[in-house]
Amino acid sequence: MDAMYEPVIGLECHVQLLTHTKMYSSEQAAYGALPNSLVSPIALGHPGTLPQLNAAAVAFTVRLGIAMNCTIAPHTVFARKNYFYADLPKGYQITQDKTPICKGGFIDIQLASEVKRIHLTRIHMEEDSGKSIHDLDPHFSLVDLNRAGTPLLEIVTEPDFRSGEEAYAYLTEIRKLVRYLNICDGNMEEGSLRCDANISVRKKGAREFGKKVEVKNMNSIRNVQRAIDFEIQRQIQCIETNTEVKVETRSFDAQQNITFSLRSKEQANDYRYFPEPDLQPLVLTTDYIQAQKLQVPMLPQQLFTVYTQTYLLSEYDALQLIERKETSSYYNALVALKTPYKAAANWILGPVRSYLNEHALEFNQFPLSPEILSDLIQLVDQGQLSHAAAQQLFPKLIQEPHRSPAALAQELDLIKNSDAHALEDIARGVLETFQDKVMAYKSGKTGLLGLFTGEAMKRSKGKADPKLLQSIIIRLLNENP
C-alpha cells in the first residue's frame, strides 16, 4: 500500500441467530430445507397477520451486547424499513432504526505486533430477507423465501479499520464470539455470518474521508480481506490517475480477485422508516439483563488470560485451544479432573488433533470422554506408563472408548517395567551388541548414550522406565572405564 494514503474502513456484519423459529413467526428457521418449504402467512406479510417477537432472539442479542461491552437499551421501538427487492416478500423489513437494542461497545483484536480496539456503533435486531438465485435457470432468477424472517443481528462498527488484515482479525473474533455464545454457527459459506465493507481512501493526515465504496457478497473471512486489499489499491490508483472514485456498491469476484460495480449509490436511499405499528416497544428490566449476563460463558480473551497466566501455557498453545469452543471446553474438562495443564494441552494439540484431522471429524465427534483421556495422561504423569506406550494405547482406547486405560494397558502388557534387575539384563545385552559403539562412547562420543537407551527401550517393547533405564546404562558404561 502506498505510504501516502490511509484507508478508512467500517464493517457491517449480519449474524443469523440459532433460534428454532423465525424472528416474528413460528415456522422453523433452518438451513438446507427444500426451497419455499419454511414459509408462513406472517413471514409473507399476508393481510390480517400479526408478528410476534421471538424471545430467544432478544436473549441472544443481549448476551452478545454484554460480550461486546455494549450499553443495553432498556426501551427500544421496532421500525419498518421499506424497500422493494424480489426476495423481500412484505416489501419492508422489520428492524430497529433510532433505538437499537445495543449501543456503543468494543472488541479487541490481536494483530501481529499489537492489540487494537475496534469500537462499535450499534447492534440491532431485524429479520432476514429471502434469497435470490441467479445461476440455476438460464432465463429467470429464482427466489427461495425459506430465509425470510430468520432472526438477524446487524453489528455496525466505527470506521476504525486501516487494512484487510485488521478486518480479517475482527471477523475471526466475531465468529469465535458467536460460537462461544452458541447464538450462531458462524458459517459464512452458508450465509449465517455475512459482512459488508465500507471502504474509502484519503491522504495521510487528512481529516475528511474519501468517497465511500460498499463491497458486498464475500463468502469467507479470507475473501473479505482480499476484497478490501484490492479495493484499497483500486481507489489509490483512481486518485493517482485523476479518475473519479464513484460512490457505489461493488461485489467481489473471488476467482479473479477483483471487485466490480453492482449499482450506483450517488443518491441516498430513502427507506422511509416508520415505527412498526404491530409490535409493542421492547422493555428490558435490570433483572432481565443481569439474568442474561449470567448466561454468558467465559469468553476467548478471558480464557487466554487464564491459560497463559494461571496455567502457564505458551501463547501459541493458548491461542490454539481457544480457537474453537469445543476444544477449550474439552480442555477445561480435562484440567478440572486434575490433569496437568501442559500435558493436557499437548495431548489435545498433538494426538487428539491428529486423529480428528486424519478422520475429518469435528471435536464434538471425538470418541474419548475427558475422564478416559485424563486417566491415560495421569498414568504417564504417575510414571506407570511411558509416553511411547501411551501413544500405542491411544488408538486402542479409541476403538474401545469405555475401557479403563489402566486395565487395557495391563491387558496389553504396556505398564512400565521398573524392575531394576530385568532392565539391567536388557542394558547389558545392548552394550554387548554394540561393543564398538561402547568403545567410541568411552573415547568421548557421549552422544551415543541416546543410541544405547533407544535400543534398550525397543528391547523392552517400550515398557522400561526411561530414566531408570538410562541411569543403569550410564552406570554400566562407567563400571569399566
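Only the coordinates and a few stated rules stand behind these numbers; no lab work does. From a predicted model like this one, the values you see are computed outputs, not experimental measurements. With ideal geometry, Cβ positions are generated from the backbone for all residues, glycine too; neighbour counts draw on all protein chains shown.
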Short version: ³J(HN,Hα) in whole Hz for each residue of region 204-217, in order, from phi by Karplus 6.51 cos²θ - 1.76 cosθ + 1.60 (θ = phi - 60°), x for Gly and Pro, what are they?
4, x, 6, 8, 7, 6, x, 5, 8, 10, 9, 10, 10, 6
Just to confirm the number: angle between the C-alpha axis of helix 55-67 and the first principal axis of the chain, 0 to 90 degrees, nearest 10?
60 degrees
About its Cα centre, what dipole magnitude does region 5-287 give when the only charges are +1 on Lys and Arg Cβ and -1 on Asp and Glu Cβ, stated in debye to the nearest 20?
480 debye
For region 324-403 and region 154-189, what is the separation of their Cα centres, given in Å?
31 Å
Could you pull out every Cys in the chain that lacks a partner Cys with its beta carbon under 4.7 Å away?
13, 184, 195, 238
Only one of the values (i) 96, 56, 51; (ii) 60, 56, 50; (iii) 93, 52, 36 was calculated from this structure for Cα extents along the principal axes in Å; name its label.
(i)
With +1 on each Lys and Arg Cβ and -1 on each Asp and Glu Cβ, and nothing else charged, work out how big the dipole of the chain is about its Cα centre, in Debye to the nearest 20.
680 debye
Listed with the fewest Cβ neighbours within 10 Å leading, 72, 289 appear as 289, 72
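Determine the sum of side-chain charges near residue 167: Lys and Arg each +1, Asp and Glu each -1, restricted to other residues whose C-beta is under 12 angstrom from that of residue 167. Could the numbers behind the result be given before it?
Details: positive: 116, 162, 222, 226; negative: 12, 160, 165, 166, 173, 196, 229, 231.
So the surrounding residues net to -4.
Holding the Cα-Cα limit at 18 Å, pick out from 116/203; 176/325; 416/458; 131/216 the pairs that are longer than that. Provide the component values of the computation, followed by the final result.
Details: 116/203 22 Å; 176/325 8 Å; 416/458 13 Å; 131/216 14 Å.
Long pairs (Cα-Cα over 18 Å): 116/203.
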Quick one: net charge of residue 396's neighbours, Cβ under 11 Å, K/R +1, D/E -1?
-1
DSSP beta bridges in the chain, what fraction antiparallel, as a percent rounded to 5?
95 percent
Put +1 on the Cβ of every Lys and Arg and -1 on every Asp and Glu Cβ in region 170-230; which of 219, 200, 177 then has its Cα farthest towards the positive end of the dipole?
200
Would you be so kind as to identify which of 247, 452, 232 lies farthest towards the positive end of the dipole of the chain, taking Lys and Arg as +1 and Asp and Glu as -1 on Cβ and the Cα centre as origin?
452
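By the scheme Lys and Arg +1, Asp and Glu -1, what is the net charge of all other residues having a beta-carbon under 15 Å from that of residue 189?
Values: positive: 131, 147, 175, 179, 194, 222; negative: 185, 190.
For residues surrounding residue 189, the net value is +4.
For the residues 304, 260, what sequence is obtained by ranking on other C-beta atoms within 10 Å, fewest first? Intermediate values should be presented prior to the final figure.
On the way: 304 18, 260 10.
Fewest-to-most Cβ neighbours within 10 Å comes out as 260, 304.
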Most exposed first by the Cβ proxy, i.e. fewest other Cβ within 10 Å, how do 189, 323 rank?
189, 323
